[in-house]
Each structure stands twice: as C-alpha cells, then as structure tokens.
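Visitor: Dropping the structure in here first, questions after.
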Amino acid sequence: MRRLISLLPLLALVWMATAAAHGPSRQKITVEVTIDAPAEKVWETVKDFCSIEKWHPDVTGCVHEGGYEKGATRRLTLANGGWIVDELKKYDPKKRMYKYRIEEMSTAKTIVWAGREQSVPVLPVANYSAVIEVKPIDDNTTRVVWKGAFYRAYMNNNPPEEMNEEAAIEAATEFHRKGLENLKKLVEQSR
C-alpha cells in the first residue's frame, strides 16, 4: 500500500503531462445559402469541378484534369497569387453533390516560430476535405450547403496565431461564405 501511495505523485505528473500535450482537433464548418432559383439551374452553375472560377470571387483560374472520376484534380489560381490543388473524391450528379480534398497548396508567407522557419499556407488548414451539395427546397428555391472538415495548419502544440484553430476556422468559413454569397448573386441575377 505504501508503494502505491508513493507512486501517486508520479502518476499524477504523468497524467497532467499527457493531458496538456494534446495536438489539434478536427474542425468542421457548414456554410449554407438559399437561392431563389430551381435546383437544376444552380447545379448547372456549380456541377463542373472547375466552375468555381466563375462563381467564387477569390478564384481567378482553374485547370481541371481527369473528368469526374475519383482522383480527378483541379488547380485553382487565387486572386492573392496563391494556388490550391484539389482532388475529386466523389461526384454524384443525381444527388447534385461532389466531395473533394486539398492535396497541395502554395505558401502565403513564412514566419519564424519556435526557433524555426514555418511556411503559412494560403488557407491555414491541414487535411482539408469538403462537400458541396445542391438541395431543392421547392420548385423555385434551392439550398446550397458547403461543408468543410480540417485541422489547423500547424500540427504541433502551441501554434502561432497565423496557423491556430481560430485562423483555420475563420479562413475556411470566409472562403466558403464569399463563394456562396457570390454564387447566389450570379444565379439570381441571371434569372
């Protein structure tokens, strides 16, 4: 019994160290917009894996390779000069949805953190995957749902401000929001 009691401080120390040494947790966001147009019309606007360059104000170019099969890619050129390469994971025109994952992206800037140079990606996320769904509400109204799941860009403990959870959530949410707001504007103006 004395041996067990003498081990308690050591066990408490080990427990505290492991409790404090946790890495990033997976973040999830959902951004939605309701568009006054039939789902078919909205789907026509977003169904092409590269059509994002037509409706997202932060995307100035897109090169698509591989059709609509799993593994197809698109390389997005961003208004800020950066780029992102996405891989198509699933494409289902009957359900009016597709899933994709960021495979690679450019560096927005370099910072020094924890005594080392760190690259801050153009979207401060890691292991980002997303799905875009076009859902009819009624014959003339559609909901577009854009969901994203990701980790912060800095995978070690104590991230810099540019690559913490808040920065990742804010940047991903803003990217989705700006895209869907502009999609709504474009589709409703073309009625």
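Visitor: Of the residues that make up the range 21-34, is at least one among the small types (Gly, Ala, Ser), in a helix (DSSP H, G or I) and either modelled with pLDDT under 95 or farther than 30 Å from GLU133 by Cα (or both)?
Guide: no
Visitor: For the range 110-126, which residues satisfy the criterion of being assigned to a strand (DSSP E or B) and surrounded by fewer than 11 Cβ atoms within 10 Å (Cβ to Cβ)?
Guide: If the condition is that a residue be assigned to a strand (DSSP E or B) and surrounded by fewer than 11 Cβ atoms within 10 Å (Cβ to Cβ), then THR110, VAL112, ARG116, GLU117 are the ones that fit.
Visitor: Let me ask something else. Only one of ASP92, ASP139 is acidic (Asp, Glu) and closer than 23 Å to GLY66 by Cβ; which?
Guide: Result of the check over ASP92, ASP139: ASP92.
Visitor: What number goes with the only condition from (1) assigned to a strand (DSSP E or B); (2) surrounded by fewer than 20 Cβ atoms within 10 Å (Cβ to Cβ); (3) not aliphatic (A, V, I, L, M) that LYS178 does not pass?
Guide: That leaves (1) as the condition not met.
Visitor: Among the residues of the range 152-172, are any farther than 20 Å from MET105 by Cα, buried (at least 18 other Cβ atoms within 10 Å of the Cβ) and out of contact with any Lys or Arg (no Cβ under 8 Å at 6 or more places or on another chain)?
Guide: no
Visitor: Just a yes or no: is a residue in the range 50-66 part of a loop (DSSP other than H, G, I, E, B), out of contact with any Leu (no Cβ under 7 Å at 6 or more places or on another chain), modelled with pLDDT of 95 or more and of a type in the set (D, E, K, R)?
Guide: Taking every residue of the range 50-66 in turn, none turns out to be part of a loop (DSSP other than H, G, I, E, B), out of contact with any Leu (no Cβ under 7 Å at 6 or more places or on another chain), modelled with pLDDT of 95 or more and of a type in the set (D, E, K, R).
Visitor: Check the range 123-132 and report whether any residue there is in contact with a Pro (Cβ under 9 Å, 6 or more places away or on another chain) and without any contact (Cβ under 8 Å) to a residue 24 or more places away in the chain.
Guide: The answer is no, given that none of the residues of the range 123-132 is in contact with a Pro (Cβ under 9 Å, 6 or more places away or on another chain) and without any contact (Cβ under 8 Å) to a residue 24 or more places away in the chain.
The values are calculated or read from the model by the stated rules, or taken from the named source; none is laboratory data. No experiment lies behind these values; they were computed from the predicted model shown. Glycine gets a Cβ as well: all are built from the backbone with ideal geometry, and neighbour counts include every protein chain shown.
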